[in-house]
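Chemist: First, the structure itself, so that you have it in front of you.
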Ligand code: GRG
């Protein structure tokens, strides 16, 4: 059936009917925006303007990850302290914990933006968040260096939390982002046509950051390994769902709504979930995928099945 119509119909009603989760943490998101601007100031002017590029007002993106993490903090900080939270001691501990969790939200966003900067270099993308990409404005070299710089600042902030398990979780995420991106660029036909490969790649490139940062929120709050795993699973599933929707929107969205060109995956030869689902239904589509999408005629043929 037509994924186009399905997603348009349902996403519109969900947004209209439900409470906006971003508004629940609006104050903290504006604190986060200011903290991030302060955290990415570099010594050399050229690097400074490159590093702050996507932290400027109005181009901060959706801030989906920090919003999830702040809401996760609220959910997990209820009645976990030894001194009851209504005592002065309890209040101070709760406030200190919240600042540490806000720091996870900041670190996560810095890692995310670093990956966007490098991704746009790898894809030679000229737009991002509705404006020119950093590589387009300042060139590939500075975009790579700005990404490296953001990762370094994220690592310093991470170390200052003095929690080795949390450091290890988020350092591993960086490796998994790189792994996911590599899986996406080096694929055989069998891998390109496999839903299992797609889900593994999607975990690495999108869900891992959300899953592990959610787990970090639980660990900082002193929860058991069992609760930390629940937080991880929640983030993993949410991250997978987020990327699935992102992949559908690549087919259904417009350049204005996406902040970048539409059909960018298929035009880069990347096979995403909508094509894989269509292949389930129309086995003859596999032959088109096997021929590759360098030829625009194959792109148009594949689109007819969606
Ligand atoms: C330097 C950490 C690092 C990694 C290098 C390039 C690369 C390896 C990984 C790329 C991973 C990547 C871009 C995954 C896609 C993640 C994704 C869903 C991006 C879009 O996220 P949104 O929609 O963007 O939340 P905004 O602009 O709203 O922040």
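Chemist: Scan the range 124-142 residue by residue and report those that are touching a residue at least 24 places away in the same chain (Cβ under 8 Å), assigned to a strand (DSSP E or B) and more than 10 Å from the ligand (Cβ to nearest atom). Can you show your working first?
Modeler: Going residue by residue through the range 124-142, those that are touching a residue at least 24 places away in the same chain (Cβ under 8 Å) are 125, 127-131, 134, 137-138, 142.
From what is left, the residues that are assigned to a strand (DSSP E or B) are 127-128, 131.
Listed by number, the residues that qualify are 127, 131.
Chemist: Residue under question is residue 121, and the condition is that it be within 12 Å of the ligand (Cβ to nearest atom), free of Cβ contacts under 8 Å to residues at least 40 places away in the same chain and either crowded, with 18+ Cβ neighbours inside 10 Å or at positive phi (or both); does it hold? If you could, list the steps in order and put the result at the bottom.
Modeler: Numbers: within 12 Å of the ligand (Cβ to nearest atom): yes; free of Cβ contacts under 8 Å to residues at least 40 places away in the same chain: yes; either crowded, with 18+ Cβ neighbours inside 10 Å or at positive phi (or both): yes.
Here the answer is yes, as residue 121 does meet what is asked.
Chemist: Kindly establish whether residue 67 is under 21 Å from the mean Cα position of the chain (by Cα) and either modelled with pLDDT under 95 or within 16 Å of the ligand (Cβ to nearest atom) (or both). Show your work before the answer.
Modeler: Working: under 21 Å from the mean Cα position of the chain (by Cα): yes; either modelled with pLDDT under 95 or within 16 Å of the ligand (Cβ to nearest atom) (or both): yes.
Against the criterion (under 21 Å from the mean Cα position of the chain (by Cα) and either modelled with pLDDT under 95 or within 16 Å of the ligand (Cβ to nearest atom) (or both)), residue 67 qualifies.
Chemist: Is it fair to say residue 28 is over 27 Å from residue 219 (Cα atoms), modelled with pLDDT of 95 or more, surrounded by fewer than 22 Cβ atoms within 10 Å (Cβ to Cβ) and more than 13 Å from the ligand (Cβ to nearest atom)? Reasoning before the result, please.
Modeler: Values: over 27 Å from residue 219 (Cα atoms): no; modelled with pLDDT of 95 or more: yes; surrounded by fewer than 22 Cβ atoms within 10 Å (Cβ to Cβ): yes; more than 13 Å from the ligand (Cβ to nearest atom): yes.
Criteria not met by residue 28.
Residues are listed down the side, and each one gets a yes or a no for (1) buried (at least 17 other Cβ atoms within 10 Å of the Cβ); (2) under 16 Å from residue 109 (Cβ atoms):
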position	(1), (2)
128	yes, yes
132	no, no
155	yes, yes
158	yes, yes
174	yes, yes
183	yes, no
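The values are calculated or read from the model by the stated rules, or taken from the named source; none is laboratory data. Keep in mind that this is a model prediction, so the values were computed, not measured. Every residue, glycine as well, gets a Cβ built from its backbone with ideal geometry; the counts of neighbours run over all protein chains shown.
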